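I have placed the structure first, in the form of C-alpha cells, so that the comments after it can refer back to it.
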Amino acid sequence: LVEEFDVAVVGAGPAGLMAALNAAEKGVGVVVFDKKAEIGVPVRCGEFHPAPEEVPNILPKATDCMDVFDLPSFTIANRCTRIRLYSGLGRYWEFDFDGNILDRERMEKWIAEKAQRNGAVIRMSSPAKTFVENGSCTVGPSKEKAVKAKVVIAADGFPSATARAGGLPVDYYVSPPNSAVNVQFHMERIEVENELTEMFFDANYAPGGYAWIIPKGSGVANVGLGIRAPFMKKEKNIRALLDEFIYDHELLKNRLSNGTRSSYVSKILPVDGPIERTYGQAMLAAGDAACMVMPTNGGGIAPAMITGKLAGMVAADHVLKGRPLSDYEDMWMHRIGREMEASTRMRRAADRFMGSNRIMHYLMKFLGSNGIRDVILCRIPWSLAPLVEIFA
Ligand SMILES: Cc1cc2nc3c(=O)[nH]c(=O)nc-3n(C[C@H](O)[C@H](O)[C@H](O)COP(=O)(O)OP(=O)(O)OC[C@H]3O[C@@H](n4cnc5c(N)ncnc54)[C@H](O)[C@@H]3O)c2cc1C
C-alpha cells in the first residue's frame, strides 16, 4: 500500500522546515525527508541573520514575514550592531547594522518541533529521490518505498536534485561563475569584538568573494571565506586559502592564529539570483534549491525561510482550494524579488573589478560607508547605478 501525503518536503533546513510548518498549520498532511541524522547538525553557515528592526530597511515588502526574523532569544547566540568591510589594501569602512548571530541548530530544532506539533511527520536519515510520472509525484528512498504527494517542495539545497526531477531549470546555475565555494571554521579563544561583523574583500584570500569573521560572543566566531573559481589565479586548495587567511593575514594573525579551530565545513552556494521558474506542475522550489541567495552578501537564511514559508502556504492552499502553484512565484517576487535582482546585477557588475585589490579598493573608497552599506544590503547606490547599467 502506498503512503499518501498532501505535501512532501525534501530537505529539513530553514526552507524545508518553514515550508512544513506553514503547510501543517493550514491542516494538510505533511512529510519531510532529510538525509542528515539530526536536525541542524552540522551547521554549515556563518549564522548572520538581520535583526527584526532592520527588516523595514532591507526588505520593506517582507514585513508580513516578521516571524522569520523575530526569533526567541534561545535561538540567538550574539547580537551585532556594526559591519566593517576591509579592502585588500588594508583600509576599512564601517556602518551600523543590527544583526542576530543565530544558534542555527537550536533555531532549526525549534521550527521542527513546532511543525511536528502541528502534525508534520519528519523522517531523518532519509535521503529522498523524486519520481515524476504523468504529472504526479512520488518521493522516497526508492520508487518502491516512495510516498505519494499532491505537491512536492524542493528544499534540498544547492544544486537541487528534487527541482531538477520536477523539470525546474537548475542546471544553468551549476557553473563556476554562478556559484561560490565556501569554507568555514568555528574558532574559539580569538580576539573579536562581540558587536562587530568583519568582511574582507581581498583577492589574495577570497578571489571573487570575501572572507568573514562573524562573532558568536566570548571570543568565539565563525571564520570563513567564499571564492569563485574563475577568479582563482592559480590552482589552490580552498582550505589552504582559509589557513593563510587565519595565520598569515597582516591584520589578523595576532588576533586569530592562537585560537582553536573546529567544525570545518564546506559547501557550494548559488550566486546568480533565483532560478528562472520556481514552480512546476506539482512542485515548488524554495531556499538554496531555488538559488535564493543574495549574491552580494551570500545571505541565504532569510530568503530560505521566507520562500519556505510562502511555498508551504501556497502548497496547502493548492491542496485545499485549488490555488494555482504559480501564486508562489508572485508572492516571493513581491517580497524579495527587487532586492534579489539588484543584488544579482551588482554582483555581475562587480565581477569586472573583483580581480584587482587596487581597483576594488578605489571602488570602495568611491562608494564610501553609505554606498558600501547599500551594496551589502542589496540596494544599488546612485553612484554605482551607471556602472551596473553598463556591466551587469
Ligand atoms: C560557509 C557558509 C556560510 C554561510 N553564512 C551565512 C550567513 O552568515 N547568513 C546567511 O543568511 N546565509 C549564510 N549562508 C547561506 C545559508 O546557509 C543557506 O542559504 C541556507 O542554509 C539555505 O537554507 P536551505 O534550507 O535552502 O538549504 P540547506 O540549509 O542547505 O538545507 C537543505 C537540506 O536538505 C537536505 N538534503 C539534501 N539533499 C537531500 C535529499 N536527497 N534527501 C533528503 N534531504 C536532502 C540536507 O541534508 C539539508 O538539511 C552560508 C552558507 C555557507 C555554506
### Task
Might you let me know whether region 176-188 holds any residue that is more than 28 Å from Pro72 (Cα to Cα), more than 16 Å from the ligand (Cβ to nearest atom), touching a Pro at 6+ places or on another chain (Cβ under 8 Å) and at pLDDT below 95?
yes
### Query
Residue check, Pro52 against (1) over 30 Å from His249 (Cβ atoms); (2) within 13 Å of the ligand (Cβ to nearest atom); (3) not acidic (Asp, Glu), all met but one. Which one?
(2)
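Can you pull out the residues in region 127-159 that are in contact with a Gly (Cβ under 8 Å, 6 or more places away or on another chain) and not in a strand (DSSP E or B)?
Of region 127-159, the ones in contact with a Gly (Cβ under 8 Å, 6 or more places away or on another chain) are 128-130, 132, 137, 146-147, 152-157.
Passing the criteria: Ala128, Ala146, Ala155, Asp156, Gly157.
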### Task
Kindly indicate whether Ser262 is outside any loop (DSSP other than H, G, I, E, B) and modelled with pLDDT under 95.
yes
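Of the residues Leu1, Leu21, which single one is more than 12 Å from the ligand (Cβ to nearest atom), surrounded by 22 or more Cβ atoms within 10 Å (Cβ to Cβ) and either within 25 Å of Asp103 (Cβ to Cβ) or without any contact (Cβ under 8 Å) to a residue 24 or more places away in the chain (or both)?
Of Leu1, Leu21, the one residue that is more than 12 Å from the ligand (Cβ to nearest atom), surrounded by 22 or more Cβ atoms within 10 Å (Cβ to Cβ) and either within 25 Å of Asp103 (Cβ to Cβ) or without any contact (Cβ under 8 Å) to a residue 24 or more places away in the chain (or both) is Leu21.
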### Message
Tally up the residues in region 82-98 that are in contact with a Leu (Cβ under 8 Å, 6 or more places away or on another chain) and not in a loop (DSSP other than H, G, I, E, B), please.
### Response
8
### Task
Name, by its number, the condition in (1) touching a Leu at 6+ places or on another chain (Cβ under 6 Å); (2) more than 7 Å from the ligand (Cβ to nearest atom) that does not hold for Val293.
(2)
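Residue by residue, here is whether (1) within 23 Å of Ile214 (Cβ to Cβ); (2) within 15 Å of the ligand (Cβ to nearest atom); (3) aliphatic (A, V, I, L, M) holds:
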{"site": "Val10", "(1), (2), (3)": "no, yes, yes"}
{"site": "Ala15", "(1), (2), (3)": "yes, yes, yes"}
{"site": "Val30", "(1), (2), (3)": "no, yes, yes"}
{"site": "Arg44", "(1), (2), (3)": "yes, yes, no"}
{"site": "Leu102", "(1), (2), (3)": "yes, yes, yes"}
{"site": "Ala112", "(1), (2), (3)": "no, yes, yes"}
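Let's see how each residue does on (1) surrounded by fewer than 16 Cβ atoms within 10 Å (Cβ to Cβ); (2) in contact with a His (Cβ under 8 Å, 6 or more places away or on another chain):
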residue: Asn100; (1), (2): no, yes
residue: Met107; (1), (2): no, no
residue: Ala112; (1), (2): no, no
residue: Arg117; (1), (2): yes, no
residue: Ala120; (1), (2): no, no
residue: Val132; (1), (2): no, no
residue: Ala146; (1), (2): no, no
residue: Ala154; (1), (2): no, no
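Being of a type in the set (Val, Ile, Thr) and free of Cβ contacts under 8 Å to residues at least 60 places away in the same chain is true for just one of Ile83, Ile76, Ile39. Which residue is that?
Values: Ile83 fails: free of Cβ contacts under 8 Å to residues at least 60 places away in the same chain; Ile39 fails: free of Cβ contacts under 8 Å to residues at least 60 places away in the same chain.
One residue alone meets the criteria, Ile76.
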### Message
For the condition crowded, with 16+ Cβ neighbours inside 10 Å and in contact (Cβ under 8 Å) with a residue 24 or more places away in the chain, what is the one hit in Tyr264, Tyr205?
### Response
Tyr205
### Task
Go through Gly224, Gly273 for me and flag whichever is assigned to a loop (DSSP other than H, G, I, E, B) and within 14 Å of the ligand (Cβ to nearest atom).
Gly273
#### Entry: Residue within region 318-335 that is crowded, with 22+ Cβ neighbours inside 10 Å, farther than 30 Å from Leu225 by Cβ and within 16 Å of the ligand (Cβ to nearest atom) present
yes
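Can you find a residue that is surrounded by fewer than 20 Cβ atoms within 10 Å (Cβ to Cβ) and farther than 17 Å from Met305 by Cα anywhere in region 63-74?
Filtering region 63-74 down to residues surrounded by fewer than 20 Cβ atoms within 10 Å (Cβ to Cβ) leaves 63-64, 66-67, 70, 72-74.
Subsequent filtering for residues that are farther than 17 Å from Met305 by Cα retains 73-74.
The answer is yes; a qualifying residue exists.
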### Query
What residue, of Ala304, Ala349, is free of Cβ contacts under 8 Å to residues at least 60 places away in the same chain and either within 12 Å of the ligand (Cβ to nearest atom) or among the small types (Gly, Ala, Ser) (or both)?
Ala349
### Query
What single numbered condition from (1) in contact with a helix residue (DSSP H, G or I) (Cβ under 8 Å, 6 or more places away or on another chain); (2) surrounded by 14 or more Cβ atoms within 10 Å (Cβ to Cβ); (3) of a type in the set (S, T, N, Q) fails to hold for Ser257?
(2)
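Does Ala23 satisfy being within 16 Å of Gly157 (Cα to Cα) and part of a helix (DSSP H, G or I)? Outline the logic, then answer.
Numbers: within 16 Å of Gly157 (Cα to Cα): no; part of a helix (DSSP H, G or I): yes.
Spelling it out, it is not the case that Ala23 is within 16 Å of Gly157 (Cα to Cα) and part of a helix (DSSP H, G or I).
The values are calculated or read from the model by the stated rules, or taken from the named source; none is laboratory data. Since this is a predicted model, take the numbers as computed values, not measurements. Backbone-built Cβ (ideal geometry, glycine too); neighbour counts: all protein chains shown.
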